[in-house]
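No value in this document is a laboratory result; all are computed from the given coordinates. Every value quoted in this text rests on a predicted model; they were computed, and no experiment measured them. Please note: Cβ atoms are built from the backbone with ideal geometry, for glycine as well, and neighbour counts cover all protein chains shown.
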2 protein chains.
Amino acid sequence: MLDYNRRPVYYNTMLRASKKLTILDKGAQIVHKKGFNHTGIKEILDAAGVPKGSFYHYFRDKEDFGLSLLDYYAGFFAQKAQELLRDKDNPALERLKMFFDSFHDFFEANSCELGCPIGNMTLEMGDISPAFRVKLEEIFLMIRRPVEALLAEARQKGEVSFRTSEREMADFIINSWEGAILRMKAQKSTEALELFNRMIFTTILNPSSAFPDT
Amino acid sequence: MLDYNRRPVYYNTMLRASKKLTILDKGAQIVHKKGFNHTGIKEILDAAGVPKGSFYHYFRDKEDFGLSLLDYYAGFFAQKAQELLRDKDNPALERLKMFFDSFHDFFEANSCELGCPIGNMTLEMGDISPAFRVKLEEIFLMIRRPVEALLAEARQKGEVSFRTSEREMADFIINSWEGAILRMKAQKSTEALELFNRMIFTTILNPSSAFPDT
């Protein structure tokens with residue numbers, strides 16, 4: 001006779017995973033808004049509807065939770081990056097622009113608040129926790145990959161023209177984008193994002209006067 | 001007969017000012033390192049050697065202290081900006097480069113930690129406190145002024161060439177610089193600052209091929 005009290009192992013694992021994901025999902029939202037140090041574990045568990053004691057079933061400590069949170073954010077960017085690279089209907093330069101435009105729309109819908117969770121975490125935790133710092137730079141490199149690939153494709157097809165390597169240009173674009181988001185939070189307008197857009201896509205990448213690199 | 005217990009008013013004022021400055025100076029260092037929310041008032045007063053109760057003689061509350069701290073940081077940038085504008089021995093483009101180079105050296109000496117206090121405060125407080133946000137944008141505009149003036153001078157003398165206004169270029173440079181500092185905190189190297197330097201000063205401002213704007 002089957003013992004229904006002994007559920008198969010995978011069921012428990014899934015339940016755990018799903019509770020863990022609920023905590024991460026609520027945590028991601030609250031930390032994005034309030035910052036990591038400013039967010040209490042209790043606040044996240046309350047929002048997730050998970051009993052207080054169970055946090056330590058899923059995470060060793062708050063730092064372990066924070067690192068999982070970074071993975072969770074990274075997953076979001078990985079998904080967006082894959083979409084960009086898979087899309088073969090649009091020119092590479094246009095896809096690159098779509099990538100940044102989608103965030104522009106997100107910020108516009110959120111009163112120019114929140115900012116980039118990776119940028120926020122870098123300024124907040126980059127000096128305090130070496131484990132955070134290493135993972136944050138891994139995420140920057142992960143985001144750089146599709147940007148670099150799209151720049152290479154755009155350059156190869158003569159859509160853009162610039163004098164440095166695709167890797168350096170990708171880093172410069174990503175860093176400048178983080179700076180534009182930072183300034184947005186002081187201006188509470190999308191002005192800095194639009195300035196970034198104009199500077200990168202109509203000037204620095206030379207889209208109109210594109211010619212083979214000299 | 002003179003009553004030595006009743007010190008002249010100006011003496012009290014100077015003493016107050018000097019104690020207040022000590023608190024701000026120690027506070028500026030600690031908050032630069034740990035962030036505003038993460039720093040306790042007690043910690044600052046201990047470092048300043050000022051008795052616990054006296055904080056509220058100088059500041060209405062922690063937000064009032066934070067706003068005074070922003071003025072204190074702003075004073076530092078104002079002083080640097082004046083130096084730059086007063087220096088008539090070097091070409092404008094070189095002076096602009098010196099401005100960013102001096103920060104590069106500071107970060108190198110500080111293990112690529114700390115970052116920009118204005119950038120840090122913007123990400124940390126920009127969404128939380130409207131009073132902080134307004135003052136932070138004022139400081140960005142204050143920093144933009146000398147950058148814009150040097151760009152105008154460099155352009156007028158044919159040292160640089162670019163297609164946008166000096167104001168927009170100044171904003172783009174400042175925002176990208178903030179982004180480079182952010183990335184520095186993830187990389188723990190000055191790589192992003194040097195990339196910024198190369199991109200702005202050897203490519204985007206067209207210093208070699210400078211020609212009148214078309």
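At a glance:
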read-out: Taking chain A and dividing mean pair separation by its residue count, relative contact order in percent (alpha carbons under 8 Å, at least six apart); value: 20
read-out: Fewest-first ranking of B:VAL160, A:VAL147, A:VAL134, using other Cβ atoms within 10 Å as the exposure measure; value: A:VAL134, A:VAL147, B:VAL160
read-out: Net charge of neighbours whose Cβ lies under 12 Å from the Cβ of A:GLY66, counting Lys and Arg as +1 and Asp and Glu as -1; value: -1
read-out: Net charge dipole size for region B:113-213 [Lys, Arg +1 and Asp, Glu -1 on Cβ; Debye, nearest 20]; value: 80
read-out: Kyte-Doolittle mean at least -1.0, axial Cα span of 18 Å or more - DSSP H helices of chain B; value: B:9-34, B:62-86, B:92-109, B:130-156, B:166-187
read-out: Dipole moment magnitude, nearest 20 debye, chain B about Cα centre, only Lys, Arg, Asp, Glu C-beta charged; value: 700
read-out: Computed helical MRE - 222 nm, chain B, DSSP H runs ≥ 4 contributing -39500 (n - 2.57), nearest 500; value: -23000 deg cm²/dmol
read-out: Choice from A:PRO146, A:PRO51, A:PRO91 with maximal GNM fluctuation in chain A (Cα, 10 Å cutoff); value: A:PRO51
read-out: Filter on B:LYS20/B:LYS88; A:LYS20/A:LYS80; A:LYS52/A:LYS135 - keep pairs with C-alpha separation over 25 Å; value: B:LYS20/B:LYS88; A:LYS52/A:LYS135
read-out: For A:LEU96, B:LEU205, order by how many other beta-carbon atoms lie within 10 Å, fewest first; value: B:LEU205, A:LEU96
read-out: Cut-off 18 Å, label 7 Å out along Cα→Cβ of A:PHE106, residues of region A:23-42 by amide N; value: A:24-36
read-out: Summed side-chain charge close to A:GLU108 - residues other than A:GLU108 whose Cβ falls under 13 Å, Lys, Arg +1, Asp, Glu -1; value: -4
read-out: Calculated over region B:69-204: convex hull of Cα atoms, volume per residue (Å³); value: 106
read-out: Label spacing, shortest first and in nm, from B:PHE103 to its equivalents in the remaining copies (7 angstrom along Cα→Cβ); value: 1.9
read-out: In Hz, Karplus ³J(HN,Hα) per residue of region B:49-55 (6.51, -1.76, 1.60; θ = phi - 60°; x = Gly, Pro); value: x, 10, x, 3, x, 7, 3
read-out: Charged-residue dipole, Cβ positions (Lys, Arg, Asp, Glu), the protein assembly as shown about Cα centre, Debye nearest 20; value: 1240
read-out: Charge-dipole axis of chain A as Lys and Arg at +1 and Asp and Glu at -1 on Cβ define it, positive-most pick from A:LEU45, A:LEU93, A:GLN82; value: A:LEU45
read-out: Neighbour-count order for B:HIS32, B:HIS38, fewest beta carbons within 10 angstrom listed first; value: B:HIS38, B:HIS32
read-out: Position B:GLN156, label points 7 Å along Cα→Cβ, spacing to each other copy in nm (shortest first, one decimal); value: 4.8
